[in-house]
Amino acid sequence: MITAERKPLEELIEYIKPFKRILLLGCNECVTVCAAGGRKEVGLLASGLQMAMLKNGSNIDIRQHTLERQCDPEYVEELVPMLDGAEAIMSMACGCGVQQLAMRFKDKPVFPAVNTKFMGASERQGVWAERCQGCGNCLLGMTGGICPIARCAKQLMNGPCGGSTGGHCEISEEVDCAWQLIWDRLKALGQTDMYLENIPAKDWRPGGGSGPRKIIREDLAE
Amino acid sequence: MENFEPVIVAFCCHYCAYTAADMAGSQRLPYPANVKIIRVPCSGKVDALHIVKAFEKGADGVYVAGCLEGDCHFKSGNTRAGRRVAYVKKYLEEIGIESERLEMVTMSAGMGYRFAQTATEITEKIRKLGPSPIKTALAL
């Protein structure tokens, strides 16, 4: 999922200060799962903003709504009747959702309420860790299902650096050395020959190195 | 505000604090009428939103009363509630509400005295803190 974290209230108040009525929007997808921008978080933020504004002597009308997905135009269209009277929109979705709104509603300022972080997986309740950087050319089949791009601080392709100690990365005791994990897993699978395969220098163009990326499925695209 | 009487919302677990309140009543132990009890099936049922909404509606103080450590009827609801309360305390500070206005307390069903004592102590603490800044702003 795409993970996110709420921005500090102070920053959000600065955004909405000039307005009297805003629409606060959540998203039912990734940000709901990582407890950053789902229906519940929309309620919490609306309440918090309302109180903070009240305390500063101003009143704001915050309408709340949570879309099934903010990154699809079909769902964004639902908002049209709700926007009547709203001077601005604040979105608790990832950056994709915020941009989708900004593109559709050109006359309304759109503000992000969260900082979009990374593509991650849930390690345990309340803990999300980065697992994919969308490099566009997946190597997981060669690396025992552990990504050296997302999980090695240096994004090394052919084994660990000298900073790998006791299974940990030199940047922090808390961070596992991705190549140690890869080696352990390949050994357990009896696939250590894969470790000996030289992975050539990575072509970063499919990973965004040649500008913004797009997928066009001709059988689906209209 | 003159003659300030704090409004305190107490989310009480059915299996401990709520029964302890009953016990306090049976024992004829007085506790301040400022405390408004909301019975919940477990302290773990109390969501951050319930707490924040209580403050938004003008509560001066809120506490969540759950079972003693290790005694939760649902195994870990009370420890989860404790973590949630700690999280909301930080959020309250961000909003500009003193985090002392929110507490997590624990007791067993038989602790009628502890219930009455906690209710009194928290009421007095909130009385000293004065009306919540939200209530003050709402009154203006």
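All of the numbers you see were taken from the coordinates with simple rules; none came from a lab. A quick note: this is a predicted structure, and the numbers were derived from the prediction, not measured. Positions of Cβ are backbone-derived with ideal geometry, glycine not excepted, and every protein chain shown enters the neighbour counts.
Springs between Cα atoms under 10 Å define the GNM used for chain A, and in it the highest mean-square fluctuation of A:GLU41, A:GLU29, A:GLU74 occurs at A:GLU74. Electrostatic bookkeeping for A:GLY163 treats Lys and Arg as +1 and Asp and Glu as -1; over the other residues with beta carbon under 11 Å from its beta carbon, the sum is 0. For region B:123-128, the Karplus equation 6.51 cos²θ - 1.76 cosθ + 1.60, evaluated at θ = phi - 60°, returns couplings of 4, 5, 4, 5, 4, 5 Hz by residue, with Gly and Pro reported as x. The mean of 1/r over all pairs of different alpha-carbon atoms in region A:133-207, once inverted, gives a Kirkwood hydrodynamic radius of 12.6 Å. Within straight cross-link reach of A:LYS202, meaning Cα distance under 28 Å, which lysines are found once same-chain residues fewer than 8 apart are removed? Result set, ordered by chain and number: A:LYS117, A:LYS154, A:LYS187, A:LYS214.
Couplings for region A:123-136, taken from phi via the Karplus curve 6.51 cos²θ - 1.76 cosθ + 1.60 with θ = phi - 60°, read 7, 7, 4, x, 10, 10, 10, 5, 10, 8, 10, x, 6, x Hz in order; Gly and Pro are left as x.
Counted residue by residue at 0.36 nm each, then reduced by the alpha carbon distance between them, the extension gain from A:CYS138 to A:LEU220 reaches 27.2 nm. Working note: Cα gyration tensor of the protein assembly as shown, eigenvalues times five, square-rooted, sorted largest first, giving semi-axes of 46, 30, 16 Å. Here chain B is treated as a Stokes sphere of Kirkwood radius computed over C-alpha pairs; at 37 °C and 0.692 mPa s its diffusion coefficient rounds to 220 µm²/s.
Distance from the alpha carbon centroid of region B:28-91 to that of region A:7-30 works out to 27 angstrom. Annotation: amide H of A:MET90 within the under-5 Å range of A:LEU23, A:LEU24, A:LEU25, A:PHE111, sequence separation 5 or more or interchain, hydrogens built in the peptide plane. Candidate cross-link partners of B:LYS135 among the lysines, defined by an alpha-carbon separation under 30 Å and a same-chain spacing of 8 or more, comprise A:LYS7, A:LYS17, A:LYS20, A:LYS40, A:LYS55, B:LYS36, B:LYS45, B:LYS53, B:LYS57, B:LYS89, B:LYS90, B:LYS125. Think of each Lys and Arg Cβ as +1 and each Asp and Glu Cβ as -1; about the Cα centre, that makes the dipole of chain B roughly 320 debye.
Dipole of the protein assembly as shown computed with +1 at Lys/Arg Cβ and -1 at Asp/Glu Cβ about the Cα centre; of B:HIS14, A:LEU9, A:GLN100, farthest Cα towards the positive end is B:HIS14. Each residue, B:ARG39 and A:ARG124, gets one label point 7 Å from its Cα in the Cβ direction; the gap between the two is 3.5 nm.
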